[in-house]
Each structure stands twice: as C-alpha cells, then as structure tokens.
Amino acid sequence: MPPSHRNRAHLVDRIRTALLAALAGALATIVAHACALAAPCSFETQGDGRVVAVIDARSFRLADGREVRLAGIEPGSIEAARSTAALSAIVAGRDVTLRADDDAPDRYGRQTAFVFVAGEENSVQAMLLSHGEAFAAANVADKNCSDTLMAAESAARAAKRGIWATPSATKNAESTGDILAGNGRFMLVEGRVLSVRQAGATTYLNFGRNWTRDFAVTISRRMVASLEAVGMAPKSLENRRIRVRGFIETRAGPRIELLRPEQLEVLVN
C-alpha cells in the first residue's frame with residue numbers, strides 16, 4: 001500500500017476510534033442520568049446544605065436557617081430521645097441534598113423533603129427504616145419510592161432491628177386499651193377483620209364485635225374504588241388478617257381512617 005494510502009487509513013482509524021469513544025461516553029452519561037432519575041425517591045433537587053442541629057425525630061436545621069422535615073416516614077419509638085438520636089447519628093454535621101416534588105413549606109414553615117447525605121445513594125428515610133428506627137408512612141404517591149420505603153421497613157422487621165426487637169411495635173387489634181393509649185399517634189395495628197359494614201358513606205372494617213368500642217378501620221366512599229383497583233375490595237377483606245397503619249383517632253372506639261390503599265397490607269392467614 002502506498003504511504004499516502006496508509007496515512008489515510010490510519011487517520012480514518014483514529015477518527016473512528018475517537019468517534020466510538022465519544023459515543024460510548026455519551027451513552028454512559030445518558031444511562032447514568034436515566035438511572036439517577038429512576039432511583040427511588042430521587043425527586044427534583046430542592047436545594048442542599050449542612051445540618052447544624054437535629055430538632056426532633058423527623059426534622060433538622062440547616063446552616064442557612066432552613067428547617068427540614070423528613071417526608072414519607074413517622075417516628076417508630078415513643079421515646080423522643082431515642083428517635084432523635086437515631087436521626088442525629090445519620091445527619092448531624094453532614095452535607096445533605098433535599099429532593100421533593102415541590103418545595104412548598106408545611107404550615108410550620110418547614111421544607112418537607114427526601115434527604116440524601118453527600119456520598120450516599122440511599123435516602124435518610126430508607127436508612128432510618130432499615131435500622132428499625134421509623135415507620136413507613138405509606139403516604140408517598142410515587143410507587144417506586146413507596147415500595148422502597150416499605151421494603152426497608154420489612155427488612156428491619158424480619159431482622160428484629162430497632163423497634164422491631166419487641167412485638168410491641170405493632171399493636172394487636174384486639175388490645176383496644178393499648179391502641180387507645182396511642183390516641184393521636186401513628187401506629188401499626190394487626191388483626192383479623194371480623195365484619196365489614198357500611199353506614200351511610202362510610203365502610204367499617206370491624207376487628208371486634210362491639211362496633212362502638214372495638215378497633216375499626218374507616219373507609220370513605222371515594223376510597224372504595226381505589227381499593228378495588230388494587231384487588232382489595234372492602235368485602236373481600238372479611239375474615240382476613242391485615243396490617244393497617246395510620247394515626248389513631250378516638251370516635252367511641254379507636255379508629256384509623258384509610259386515606260391510601262398503601263396503608264393496608266393483607267397478611268398470610
């Protein structure tokens with residue numbers, strides 16, 4: 001081959017190699033970006049900062065004065081000091097990134113967000129859940145995020161970590177007194193649904209025979225279609241063991257109002 005042809009071929013090979021390298025780099029960037037977008041609870045970034053003070057089990061203050069409240073979880077222990085210490089161990093003095101669907105503050109002016117410590121892939125919420133130091137609130141609209149939080153809680157429960165070291169973390173639906181003692185607090189309650197009754201626009205999952213005294217789950221008419229859509233029509237829950245999570249209200253007997261299907265889990269009978 002003449003020298004001019006060899007030089008031309010060599011140049012073509014160099015250009016081809018450079019183009020392939022550039023294409024590979026571009027594809028890697030696209031894949032990495034897609035994976036970041038698909039990562040559970042990695043919503044739009046709403047700012048970052050350094051944690052200078054942990055206020056309680058679900059909130060902390062940044063160096064710029066903003067107060068942040070953790071989305072998607074509820075404290076797992078009634079011992080405030082323990083719950084606060086668990087959060088402090090993860091975020092105190094650390095740089096964090098805030099992610100959320102929007103940056104609207106809550107009624108107390110706090111920014112509600114999923115929080116990621118610099119250098120960590122998992123959210124602070126997932127860390128607390130996996131250590132058994134929180135309950136999944138089941139109020140996250142994004143399914144991937146919600147499933148991730150529930151899975152972290154389930155893993156801690158199976159390993160008996162943190163609050164799951166004793167059975168008292170979940171209340172027995174037949175122990176009305178224990179449930180009433182938690183009026184106004186977030187709880188997990190397990191038991192068998194003895195009957196399903198409708199009164200006006202409300203459906204009741206009754207866990208006891210005394211409807212005015214025993215524990216029940218209330219379901220508004222607008223929620224029925226959502227339950228049916230996920231295969232949990234209220235009538236189908238009769239005589240099934242379920243776990244329900246939510247805030248305890250006292251209306252004669254203790255109640256949890258169902259606001260999302262994710263609050264209910266059907267257990268093995």
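The values are calculated or read from the model by the stated rules, or taken from the named source; none is laboratory data. Bear in mind that the values here come from a model prediction, so they are computed numbers and not experimental data. Cβ sites come from the backbone with ideal geometry, for glycine too, and all protein chains shown count toward neighbours. The area values use the complete protein model at the heavy-atom level, side chains included, leaving out ligands, DNA and RNA. Shrake-Rupley method; radii C 1.70, N 1.55, O 1.52, S 1.80 Å.
Using a Gaussian network model of the chain with C-alpha springs under 10 Å, which one of Ser220, Ser154, Ser59 is most mobile by mean-square fluctuation?
Ser220
Pull up all non-local amide H partners of Gly191: gap of 5 or more, or a different chain, and H-to-H distance under 5 Å with H placed in the peptide plane.
Ala173, Ile242
Just the number please: accessible area per residue for the chain, 1.4 Å probe, all protein chains included, in Å².
53 Å²
Compare the Cα positions of Val51, Ile219, Val268 along the charge dipole of the chain (+1 at Cβ of Lys, Arg; -1 at Cβ of Asp, Glu; about the Cα centre) and return the one farthest towards the positive end.
Val268
Any idea what the dipole of region 109-205 comes to, in debye rounded to 20, about its Cα centre with Lys/Arg Cβ at +1 and Asp/Glu Cβ at -1?
Dipole of region 109-205, to the nearest 20 debye: 300 debye.
What spacing in nm lies between the two simple spin-label points modelled at Ala252 and Ala151, each 7 Å away from Cα in the Cβ direction?
My value for the distance between the label points is 4.2 nm.
How much length, in nm to one decimal, is gained on full extension between Ala92 and Thr166, taken as 0.36 nm per residue of separation minus their Cα-Cα distance?
Working it through step by step, the gained length comes to 23.9 nm.
With the dipole of the chain worked out from charges on the C-beta (+1 for Lys and Arg, -1 for Asp and Glu) around the Cα centre, which of Ser42, Tyr108, Thr250 lies farthest toward the positive end?
Thr250
Between beta-carbons, use under 11 Å as the cut-off and find the net charge around Lys235, counting Lys and Arg +1, Asp and Glu -1.
Counting the neighbours of Lys235, the net charge comes to 0.
With a ≥ b ≥ c the root eigenvalues of the C-alpha gyration tensor of region 56-138, is it rounded (a/c under 1.5), prolate (a/b larger than b/c) or oblate?
Cα axes put region 56-138 in the rounded bin.
At 222 nm, what value in deg cm²/dmol follows for the chain if DSSP H runs of at least 4 each add -39500 (n - 2.57) and the sum is divided by all its residues, to the nearest 500?
Helices in the chain give a 222 nm mean residue ellipticity of -10500 deg cm²/dmol.
Report the net charge of residues surrounding Leu98, where surrounding means a beta-carbon distance below 9 angstrom and charges are Lys +1, Arg +1, Asp -1, Glu -1.
0
Can you give the local net charge around Tyr204? Use residues other than it whose beta-carbon is closer than 9 angstrom to its beta-carbon, Lys and Arg +1, Asp and Glu -1.
Charge balance near Tyr204 sits at +2.
Once you put a point 7 Å from the Cα of Arg209 and another 7 Å from the Cα of Ile55, both along the Cβ direction, what distance in nm separates them?
About 4.9 nm separates the two model spin labels.
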